[in-house]
Every structure is written in C-alpha cells, then in structure tokens.
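So the structure is just underneath, and the comments pick up after that.
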There are 2 protein chains.
Amino acid sequence: MPKVSFRISEKETIDVTVEIGERIMDIARNSGIYIDAPCSGNGTCGKCRVQIVDGDAESHPTRHITDEDYAAGWRLACETKVTGDVTVLVPETASAFRTGIRTADLNDPTVRAAFDDVQNDLKAAGVMGDPAVFTCEITMDPPTLEDTLCDTDRIERAVKAAIGQEAKLSLYALRKLAQVLREDDFHVRCVLSRDEDCVHILDVGSAKSKRKICGLAIDIGTTTVTAALVDMETGELLARGSAGNAQIRYGADVINRIIESGRDGGRERLRRAVVDETLIPLIGTLCRKAKIYQKQIYRACIAGNTTMSHLLLGLYADPVRMEPFIPSFFQCHEMRLNDVLSGLHPEAKLVLTPNVGSYVGGDITSGLLACTLWNRDELELFIDLGTNGEIVLGSSEFLFTCACSAGPAFEGGDISCGMRATNGAIEKVRIDKETMEPTLSIIGSKSQKPLGLCGSGIIDTVAELFRGGIISAKGKFAREGERIRYDEHGMGRYVLAFEDQSADGREVSINEVDLDNFIRAKGAIFSAILLMLRQLGMEPSDLTRIQIAGGIGGGIDFPNAITIGIFPDLPLEKFSYIGNSSLSGAYAVLLSREAAAKVRELGSNMTYVELSNEPGYMDEFVSACFLPHTNAELFPSVEV
Amino acid sequence: MPKVSFRISEKETIDVTVEIGERIMDIARNSGIYIDAPCSGNGTCGKCRVQIVDGDAESHPTRHITDEDYAAGWRLACETKVTGDVTVLVPETASAFRTGIRTADLNDPTVRAAFDDVQNDLKAAGVMGDPAVFTCEITMDPPTLEDTLCDTDRIERAVKAAIGQEAKLSLYALRKLAQVLREDDFHVRCVLSRDEDCVHILDVGSAKSKRKICGLAIDIGTTTVTAALVDMETGELLARGSAGNAQIRYGADVINRIIESGRDGGRERLRRAVVDETLIPLIGTLCRKAKIYQKQIYRACIAGNTTMSHLLLGLYADPVRMEPFIPSFFQCHEMRLNDVLSGLHPEAKLVLTPNVGSYVGGDITSGLLACTLWNRDELELFIDLGTNGEIVLGSSEFLFTCACSAGPAFEGGDISCGMRATNGAIEKVRIDKETMEPTLSIIGSKSQKPLGLCGSGIIDTVAELFRGGIISAKGKFAREGERIRYDEHGMGRYVLAFEDQSADGREVSINEVDLDNFIRAKGAIFSAILLMLRQLGMEPSDLTRIQIAGGIGGGIDFPNAITIGIFPDLPLEKFSYIGNSSLSGAYAVLLSREAAAKVRELGSNMTYVELSNEPGYMDEFVSACFLPHTNAELFPSVEV
C-alpha cells in the first residue's frame, strides 16, 4: 500500500499508509491534518492547494492552478488521488482559515471596553440584574448527638436562611460535602445558580478559598469562533481569544456544512470539528492564560447562527436548508454544559441565545441585545456582517429581521486571497491614485509579511480601486500598470503584494472573480436594507442610527464602505462599528438572568422576513450589484 | 519477579507477575479475582481460604485452618505473602458471597406475586397513582411555508394539548427530533416524565413503535443486590435477579466498608465494586433475559441502607460511623441516572428512597412503604433481617425505628460455613431427635450438593439442635454422636454434611463460635423489640401483626424462630414473611410519584431511636443471649 508523507509547514511530517485511489483531501481529514475546503471539496474554490514534492499523484489541470504552479507540483488536495508513494507539502495557507488560536491583549483598553460598554448599556436599560451564578458564604453549627441533622439538610437550611430561597444541593456538591464541611469547621463558600423555581448549590468549598467563579461567553461563527472567559462575580474579562472554526474543512458556508452533516457520520464529524477541534483547544488556551482551572467554569452562554447551534448540538440540520426551512429549535431549554462540552464543571449549565429563523440565529438575537436598539424609540438598523449578512430594522416598537445571502466575502471567504483576520492578513489598504501603489496594514508583528486579505482589507481595496478609477463600476479593470496583471484566460487582477513581498512566496492579489463575488455580497446587503425599509414605507434617510457588527478585521472604514455602496449614503455620524456584538450579548446573557430573559423576549418578538419571497427582490439586488449602485441618486456623496 | 498463577475453580488460570512480599489477597484484588474478605482482610473471619498447590509462600498457622488443611496447602489469602513462583487454587467458596448472578423464574407465580401484592396494597392505600414515566402518542400538522413553527415548539405545543401541562423537550429528544418527525409524518410517541413543575419529554420515537418503556427497582443490600426490570406503563415484572455485592471483598459489614472507603482511593474502589462489578453486570443480565435494550430504561429507584447509598454515590462516609453519626443526606434530590450508573437512557432519572439515620436507611423506608403498616391503626412491627437488623414499630399514628447491630448472621455472614442464599446453600434443615441425622433442602438442581448454610438454614439448624437437646440454651454442645465433632482446641461442631457429601469436599458444619455469633445476633433483635415496646409502655402481646422482611433464603420457619427466641412468643397467625420488602417498595416508588412522595413523608415522620443510648439496653441484650431467653416466662410456648 502506498505511503503518503505530509510535510506540514516544514515543521512536522506525518506518514500515512493508504489505499491507491484515495483523495489527498480525505487522507488529510482522516489523519487530523487541516486543509481548508470552503467549497466542501468540490474543486470549485481552489483553497486546498498542496504541493507534491516527491513522487506523483493523479490530478488534472484546473483554473485554480497556473501552468507554472502545476509544473512545480501544486495541486488541489480535493482533486488529487494517490497512485503510489508521495510526499505532499501542506502550506500554511492550506489552513489559513483555521490557523492558530489568537488571544487578545487585555492591556489594550479597547478589548475590555466592548464588555464594559455592553454591561453599562444593559444596566442603563435595566436588564443586567439577577446574577446567574453567585456565591454565598455560610457558617453552620456543627452537628452533635442532640442536633443530628444530616449534612445536606444542614447546608440547605443555612443557604435558605442566607438567601431567603429554597436551595437544592447538586450531586457534585453532595459528593464533596461531608469532607469540606469537616475540613473547614462548617464554614464554607457555596457556588449557587438560580433556576426558575429554585436555587441550585453547584459547588461547595472552603470559605477561605478565593478561587474565581468563572463563565464562558462564546460566539460560534461559521468562520471564526470567539470566546471570553469571565469572572462571574465581577463581570471582569479574564481572557479573550478566537480560533478558526475547524468545520471550515467541510465547507465555508452553512449550506455546505449542512450537506456534509447529512452524509454518513457527518453530524458527528461536524460536531467534533467545532467542539473537540475548536472549542476545547480554545477554552484550554484561555484557561491557561488566565490561570484558571477548567472546573472553575460554572456556566456558558453560546451564541451562534441557526446552523452553528444545530451542528454544535449534533442535530439533524437538513430541514434548516430545505423548504419550508424549519429548524429543530428556536429557543432551547438550559442544558447541562457537560452534555455539549466536556471538561468544565460537571454541574455547569449552558444557555444558547435563541434563533429566530433558519437564517437568523442566536448570534443576531445576542447582538441585538447588546446593541440596545430595542430600547430606543427612533428607527435604527443593526447589521451583522458575518459569513452571511443579517439585518435587524426596528425600535422599541417593533423588530423586523432578515438574512441576506451575502456569502463569506466580508470574512475573506469566496475571495482567492481571502483569509481570516489573523496574522498576515491585510486589514487596511490605501492605493495611490497616480502610481496605483498600495500602502498596507498587516495584522501581526512589525515584520509580518502579508499572506492574504481579511474583510476590512477587501472593503478598502475595492473602494480604493474604484476611487482611483482602476476598476469600473462593474468591477472590471480599467487601467494598466505594473500592479495590474492578467492570466492566460484574460482575467485581470490587482497585486497587493508580489511573490517576493509575501509571507509564503505567493502573490496576494484581488481578481475580477473576487470583485464579482464581493459586489454581489455588498449588493445583497444593500438591497436587503432598502427592501426592509420600503416594506415599512420608509427611506434610508429615516434611519437615526446604523450599527455594524462583525469580525471584519480592523473595523470598517465607513467612507470606503459607502463609496462602494454597502451601506446607504448617510452622514457618517449615524454609523458605528460595534465589533463582535454576538459575543458581547452572550457575555451579558452569561452573567445576568434578566439579560437571558430579555434575549428570549427579543427572539420571540422579532418578525422574520424571507426576502426572496418579496416582490421586486431580484430587481433590487441586480441594481445594487454595481459600484456604488445603478441608481446614482441613492449615493449623492459618491463621485463617480 | 515472582509469578503467581491463580487457578480459579479449575476452569481458568490467571498469571500475574508480582513483587516479593505482596499479599495474595491484594494481588487477587488488583487482578480482578474475587476472594471474599468479610473481615476486610484482617485475618479474623477465615473466609479467604486458598490452596497453595505448587511453590510456597510465607504464612502462619491460624485457628481458621486445621493442621491437616495447613499441611495440604490451605492458607488465608489475607495472611499469605509471596516469596517466589507459586500456584494458588481459588476455590468456589472463596467467592461464595459473590458467586454469580441468579435470575428468578417468572413462571413461578410467587415471583410476580410480591410485586402484584405491593401494587394492590398501595393502590388500596391510595398511593399508587401519578405514573412517574408515561407515554403519549401525538399527531401534528407538518410545517409549511405559512406555518414555520420550529420542531421543538411544535411538539411541545402538541404534548401540552394532549396532556394539559407544559412539557420541556430534553436534549436527547431534541437530537433525534427532526429526523423522527419527518420519518414518521409528524405522528410520534413521546416518553414523558413528570417533575415537580413540569413534564419532560425524555424521548421521541415512531408512533408505530411498541418498544417497552422500562425502569429498574434495585435493592442494594450489604451482602446481596437484587434488581427488578419493570415495564413502566403496565407495572409488569420483566425480569428479576440478584448478585452478591462485590464490595464484600472489602468487608462483610458496613463498618469495615466505610473504613476501607476511607483509605487512599477507597471511595472509588467501593463505588466501582457495587456499580461496575455488581449493578452493571446484573442489569445487563436482566436486560438480555427480557430482551430489552438498556437505553429503554428511563428511570430507576434504588433502596439501600445509609452506608450503601453513600458508597453508591461515592460519598465520604466516615461521619456515618463516627460520633455523632451524621450521614451526608437523608433525602437526596432526584438525580440523573447516568451520573451514577452509565449505559441506560441518558435522560433517565434516579431516585433513592430516604435514609432516616446512620443505621436506618432507604431499604427500611422502602420496606415500610411496602408493608403498609403506616396505613393501619393497630400497633404493628416491621423487621428487616438483613446484614443488620432494623425495626419499625408503629401504626398510622406514629413510627419509631431503630437498628440493632445483629451482624450478618441472618444472611450467612459471621458463620463459618455461612453463604448467600444461592446454589449450594442449605435453606431448610430438619434434625432427627433420636439419631441426630439431618434432612437438608438445598438451593439448586436436584443433584446439587451442599456448600454452606444460608440464613433460613441457620435458623432451622439452631432451632433443631436446641429442640433435640443437642445444644444447650447457651449454644454449647450437650450430646455426643457421629455428627458432633471437636477440634484440637476442644470446640464442638455439628456436621450437616461430611467431606464426601459436600460440593467442594469440605465439611459443612456449625460450630460453637457460629452459635455464639448467631445467639448474639438474635439477642440483639429480640432485645431491640422489647425495648422499643417498653418505651411506649407496651408489651409484645399488644402487637397485632409482625412482618419480617429480608433475603433469608427459603423464608422463615416461624415456630423455629420463636423456639430460639428471635421473635416474641405470639400466635403464629400474627407473623408473616414478606421477602425483600425493600425491593417491593423501590418498585412502587419507581412506578408512582405518589408512592415516591409517600416514602419521603415516611422518612420524615420516623423517629429514630438510638438503642445504645437507652438505659437498660445492655441488660436486655444479655438476657436475650440465651435460647430462647433467660426469662422463660416470655416464651411460654417453648418447651425447654
């Protein structure tokens, strides 16, 4: 049987014995080697490039590999079959969407600010009270031959006296109880959680213990998973980090993931990818960084879109993508965290923020909670630019929501050199109108060379190319120069970094297919905004405020975003970028039962609009697939 | 390093490499070889006899091994250390208390009768209603583009309409929901359990499914564990079986077990012995016999004494045995079965019957529920002859309870040839007054030869020996004959089966130490009865009924039991033997929430009397250590 040697980023070699005819992609998946497959391995996205450095394998030319690269051994892992012994180099870019866990620097004041802000805003709105987990120090009289109450009754009686409510001892606490009480002379600290009818004593320990009582707020994005480790008593942020969602191996978008999950063993494969390969390492990293023992995590709140929450729980998700588009749940009951995510406190509870429809999920209800749009009387817009775009239009009076199939362009997906906002990602771009030379900001150390473009870098690039007349309103190249190149099929591209300037020796560029994908994405967002407004007989000018959320990278350059027609042409002061609002909302729900009740209420009160059913949808969309828009009157401030 | 070859009952050989100086007992424990150690391995009980058949080992003579046997290689495993390669024969009797799982023959009408009786009695008492687990068949309209309710809301709404109460979908059911609904055209059967405030949907399946919904009633005795597999919808008994409690390796009585559990790793060792080595194989056997998949078990009720319930849950039990004798719990909240016993339905709940004190536990509250003494106005007595003896005296007006440290004699413990009521146990004995020749009834097939004596056989033997004048009122041998033998220390014994008549070539006999142990056990029971009565200013003649429970073997011969003064000398019609009432009670609590509430109420209403604190206790006890009693007036019917 042939042997495949995977050489991973020149650091590691993994040898696997396989059958003749197996796909490199499948072998890698089965061997725990990460190769992204945004298209789910259909040969259409071109992201799974690997290099055959020794031996040979069966493959065919593809438009994703230039003749030169093909000659150098570059192949798509999903289209290459083993014929004999072969050595395969897996470049870092093959797992660009996944690579590494990135933790935030808590000394950076903006990192904490997002959490402080949401806490203050929700406090002001009156929904940050009733802590979900709290502690209580109690002292009991030790038992005697005259006072033979058992330990459980003794502690439950003392807790009731302390908090004025019935308390039920959990099995975990019961298992420790006798010893803890006697070691600490019946003077202990209890960790409590309040449920609907009763308080549960989750844990019991020495009253002298100052161990932090922690919780996790998690945003599971289709592309990126972000988590915050939080002190449940103070709300203090202890660590924050993100990782690529390892499900990316099975498709970049929710549809491909659902299809993969429907295959034999797929549900378990996708569940493991997000749980075992993404969440558990990420949580482990956060705990190590904050010097927290994982058993100190007593609660988690997870926000994710409808598909992510279904795949997380291991549910059959096909009905989500197939007419009449019915999720298994909108709101699900609090569950035991251990049933979903192992290794944390055995009595910890998990709450998921509610879904509203198949394509408006818990990330949106969570983000909506955080942005407090529902607490003001004026008409406002909340937009989450994730792997899909979701919109909430409303006020304290009403809430409409819709999803627009923008695709993953805003997170760097569907773009040939796109990547997550992680080390090597170009996050800001300026292009000199005369020379067409770019100035790049790159995530990472000062010497970091570029690897690709993340969302904010793509917006900047498109806006700058358009503003400089380098591309037309249709996204076609209109000027010539050193930075403009064409492939053998005549497709143009703008080079942001030449081979010798990039981190991996591959040029970083944006081509006409990328521009087309991006323009359709932004067209979907803009047309959705317009349709939602018009359904209510309103115009963009009626909007008081527009809040944009998403893991876009270095924030959004709003003048650029308006120049290319993503958002309506309104005064800049109406716009604000609020970062990962899904995580901020999850943070609030984690801490406060009032916030948890509020997010459930918001989920119930939102009216889900299926845009594709709306008359005129297709016309609006087509009109918006133009820079900034076919109807120039909508963008008076943009010089064309 | 020396090699120990264990030859087990001539069927199996297990080779282990060990360190010089290790005890045979410890090596066996670490190798999964069962050798009973009722005394916890202190060399005092003599039950752990093994035979060195090749090689040698370091040991000393002991009163438990005759010189002849010592010469033949017989040793106590707990007192023998390895010095070099050695072959050790482990006889069947070495695990006499554990040996095998015994399932009941459901064609035997008496097997079902115990369960039918308790169900009828509790129905008559009005506490058999409100089923704990039930099913409900529902039909829903499938979703459409106009009716886009999610699956969870749809089924919860339908169940609420069907049963008139809120229902919460469990995670397990949620994980199956989308597929089950669509495979079965939204016509399904739900498995439900009713909790305090709400109904839980534990499972959902095809409406066509006729799969039985099952539950387990379990009695965890110190010596024997008995379980009944039950159809939760009909109450039908599907299988019943028992096994020795594998904790016997760590001591015959609760005190030795608690001491062992306090040693390093002991809690886990004892928990595993009862869970992994006893309950799981027993449940597996019952399920195979009834052709039930273990995931069909949706609820369990376990009744056990205070120590057994603590060790089952893995609790620190030292305070149970040490002044002021405080258990971790009397009543504990319903818990998830999976947290205690794995492999059954993941949403199944476990309920334990309540403890009343350190030495009156859930087996007694459960048995009390079953015997319905609490439902009648007359003064009655309920006695559980288990490894300890527990007594409840009362009526519908009041309930007093106490434990008497009778020791395990009634279950065959503390008796040199004692064994559990399983194959080879002598369960009935008649002794000819003239010839002193015995007639034996032996558990097992017709050709089964005797191995030892179980509780009912011991009672019969003592009574017959006493009645025939073979032993004195103090339990000393008073006649001579072929059946009476003496050892080198002059201790007499009565031989029930000579070497060539027994199953394993060892004589089955009862000696003066056994008689002494037994007389002290029966003295403890009788004196406790008398003290309890006198505390209320009553006499035995005030008793209307006496119900005896316990795993005594072939029931109790009441004339014999009265002859030797275990019970008061009252008309025989006042006595009844009700078998394993702890299991019957657990069966009722398993099925009915009313029964579960009743047993909690009984637990709360029982007054626990610590007999050893009572004045006159010691005098009463000493007076009762005589056949039938020092005060012959108490036993007018017994001819002495």
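Applying the selection to region B:345-371, what residues are assigned to a helix (DSSP H, G or I) and of a type in the set (A, V, I, L, M)? Even if it seems obvious, please write down each step before you answer.
Step one: of region B:345-371, the residues assigned to a helix (DSSP H, G or I) are B:362-371.
Listed by number, the residues that qualify are B:Ile364, B:Leu368, B:Leu369, B:Ala370.
May I ask you to verify whether B:Ala421 is away from chain A (no Cβ under 14 Å), at pLDDT below 95, assigned to a helix (DSSP H, G or I) and more than 23 Å from B:Leu570 (Cα to Cα)? It is false that B:Ala421 is away from chain A (no Cβ under 14 Å), at pLDDT below 95, assigned to a helix (DSSP H, G or I) and more than 23 Å from B:Leu570 (Cα to Cα). Residue check: A:Val133 meets all listed conditions (1) at the interface with chain B (Cβ under 9 Å from one of its Cβ atoms); (2) among the aliphatic types (A, V, I, L, M); (3) under 30 Å from A:Thr234 (Cα atoms) but one, namely (1).
Okay, residues lined up against (1) of a type in the set (A, V, I, L, M, F, W, C); (2) within 26 Å of A:Glu512 (Cα to Cα); (3) surrounded by fewer than 21 Cβ atoms within 10 Å (Cβ to Cβ):
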residue	(1), (2), (3)
A:Met1	yes, no, yes
A:Phe6	yes, no, no
A:Ile14	yes, no, yes
A:Val18	yes, no, yes
A:Thr66	no, yes, yes
A:Gly73	no, yes, yes
A:Lys81	no, no, yes
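One residue stands out in region A:447-461 among those that are over 12 Å from A:Val495 (Cα atoms) and among the polar types (S, T, N, Q): the one that is nearest to the chain's Cα centre (by Cα), namely A:Ser456.
Only one residue in B:Thr135, B:Thr66 is over 30 Å from B:Ile443 (Cα atoms) and in contact (Cβ under 8 Å) with a residue 12 or more places away in the chain. Which one? Exactly one of B:Thr135, B:Thr66 is over 30 Å from B:Ile443 (Cα atoms) and in contact (Cβ under 8 Å) with a residue 12 or more places away in the chain, namely B:Thr135.
When B:Met532 is tested against (1) assigned to a helix (DSSP H, G or I); (2) surrounded by fewer than 20 Cβ atoms within 10 Å (Cβ to Cβ); (3) of a type in the set (A, V, I, L, M), only condition (2) is not met. Scanning region B:337-360 for residues that are within 8 Å of chain A (Cβ to nearest Cβ) and without any contact (Cβ under 8 Å) to a residue 60 or more places away in the chain yields a total of 1.
With respect to (1) closer than 21 Å to B:Asp516 by Cα; (2) buried (at least 21 other Cβ atoms within 10 Å of the Cβ), the lone exception for B:Ile443 is condition (1).
Determine, yes or no, whether B:Gly490 is small (Gly, Ala, Ser) and free of Cβ contacts under 8 Å to residues at least 12 places away in the same chain.
yes
Using the structure shown, decide if B:Ala300 is buried (at least 22 other Cβ atoms within 10 Å of the Cβ), within 13 Å of another protein chain (Cβ to nearest Cβ) and small (Gly, Ala, Ser). Taking the combined requirement at face value, the residue does not satisfy it. For region A:384-402, a residue qualifies if it is of a type in the set (A, V, I, L, M, F, W, C), buried (at least 24 other Cβ atoms within 10 Å of the Cβ) and touching a Gly at 6+ places or on another chain (Cβ under 7 Å), and exactly one does: A:Leu385.
Which of the residues belonging to region A:560-583 are in a helix (DSSP H, G or I) and more than 25 Å from the chain's Cα centre (by Cα)? Step through it out loud before you land on a result.
Narrowing region A:560-583 to residues in a helix (DSSP H, G or I): A:560-563, A:572-574, A:581-583.
Those that are in a helix (DSSP H, G or I) and more than 25 Å from the chain's Cα centre (by Cα): A:Thr563, A:Leu572, A:Glu573, A:Lys574.
Reported count of residues in region B:102-121, each being out of contact with any Ser or Thr (no Cβ under 7 Å at 6 or more places or on another chain), within 27 Å of B:Asp203 (Cβ to Cβ) and crowded, with 17+ Cβ neighbours inside 10 Å, is 1. Of everything in region B:308-336 that is under 18 Å from the mean Cα position of the chain (by Cα) and aliphatic (A, V, I, L, M), the residue that is farthest from the other protein chains (Cβ to nearest Cβ) is B:Met308.
Kindly evaluate B:Ala521 against the criterion of being surrounded by 14 or more Cβ atoms within 10 Å (Cβ to Cβ), in a loop (DSSP other than H, G, I, E, B) and touching a Gly at 6+ places or on another chain (Cβ under 6 Å). Walk me through it before giving the result.
On the way: surrounded by 14 or more Cβ atoms within 10 Å (Cβ to Cβ): yes; in a loop (DSSP other than H, G, I, E, B): no; touching a Gly at 6+ places or on another chain (Cβ under 6 Å): yes.
Considered against the rule, which asks whether it is surrounded by 14 or more Cβ atoms within 10 Å (Cβ to Cβ), in a loop (DSSP other than H, G, I, E, B) and touching a Gly at 6+ places or on another chain (Cβ under 6 Å), B:Ala521 comes out as no.
List the residue pairs whose Cβ atoms are under 7 Å apart, where the first residue sits in region B:251-279 and is in contact (Cβ under 8 Å) with a residue 40 or more places away in the chain, the second is among the small types (Gly, Ala, Ser) and part of a helix (DSSP H, G or I), and the two are 6 or more positions apart or on different chains. Hits for this filter: B:Glu260/B:Gly266; B:Arg267/B:Ser261; B:Leu270/B:Ser261; B:Val274/B:Ala246; B:Thr278/B:Ala246. For region A:150-196, name all the residues that are closer than 22 Å to A:Ala597 by Cα, within 11 Å of chain B (Cβ to nearest Cβ) and within 34 Å of the chain's Cα centre (by Cα). The answer is A:Asp195, A:Glu196. Does region B:15-36 contain at least one residue that is in contact with a Pro (Cβ under 8 Å, 6 or more places away or on another chain), among the hydrophobic types (A, V, I, L, M, F, W, C), in contact (Cβ under 8 Å) with a residue 40 or more places away in the chain and not in a loop (DSSP other than H, G, I, E, B)? Taking every residue of region B:15-36 in turn, none turns out to be in contact with a Pro (Cβ under 8 Å, 6 or more places away or on another chain), among the hydrophobic types (A, V, I, L, M, F, W, C), in contact (Cβ under 8 Å) with a residue 40 or more places away in the chain and not in a loop (DSSP other than H, G, I, E, B). Only residues that are surrounded by 20 or more Cβ atoms within 10 Å (Cβ to Cβ) and closer than 20 Å to A:Tyr587 by Cα were counted in region A:174-211, giving 3.
Tell me the residue from A:Leu279, A:Leu270, A:Leu238 that is of a type in the set (A, V, I, L, M, F, W, C) and part of a strand (DSSP E or B), please. Walk me through how you get there before you give the answer.
Working: A:Leu279 fails: part of a strand (DSSP E or B); A:Leu270 fails: part of a strand (DSSP E or B).
Step by step, each of A:Leu279, A:Leu270, A:Leu238 is checked, and only A:Leu238 is of a type in the set (A, V, I, L, M, F, W, C) and part of a strand (DSSP E or B).
Taking the criterion of being buried (at least 20 other Cβ atoms within 10 Å of the Cβ) and of a type in the set (D, E, K, R), would at least one residue in region A:449-465 satisfy it? Scanning region A:449-465 turns up at least one residue that is buried (at least 20 other Cβ atoms within 10 Å of the Cβ) and of a type in the set (D, E, K, R). Taking the criterion of being part of a loop (DSSP other than H, G, I, E, B), more than 22 Å from A:Leu591 (Cβ to Cβ) and of a type in the set (D, E, K, R), the only residue of region A:286-344 that qualifies is A:Glu323. When A:Glu166, A:Glu183 are checked against the criterion of being without any contact (Cβ under 8 Å) to a residue 24 or more places away in the chain and touching a strand residue (DSSP E or B) at 6+ places or on another chain (Cβ under 8 Å), a single residue qualifies: A:Glu183. Inspect region B:366-377 for any residue being crowded, with 24+ Cβ neighbours inside 10 Å and over 14 Å from B:Ser582 (Cβ atoms) and give the result as yes or no. Scanning region B:366-377, I find at least one residue that is crowded, with 24+ Cβ neighbours inside 10 Å and over 14 Å from B:Ser582 (Cβ atoms), so the answer is yes.
The values are calculated or read from the model by the stated rules, or taken from the named source; none is laboratory data. Bear in mind that the values here come from a model prediction, so they are computed numbers and not experimental data. As a convention, Cβ positions derive from the backbone with ideal geometry for all residues, glycine included, and neighbour counts pool all protein chains shown.
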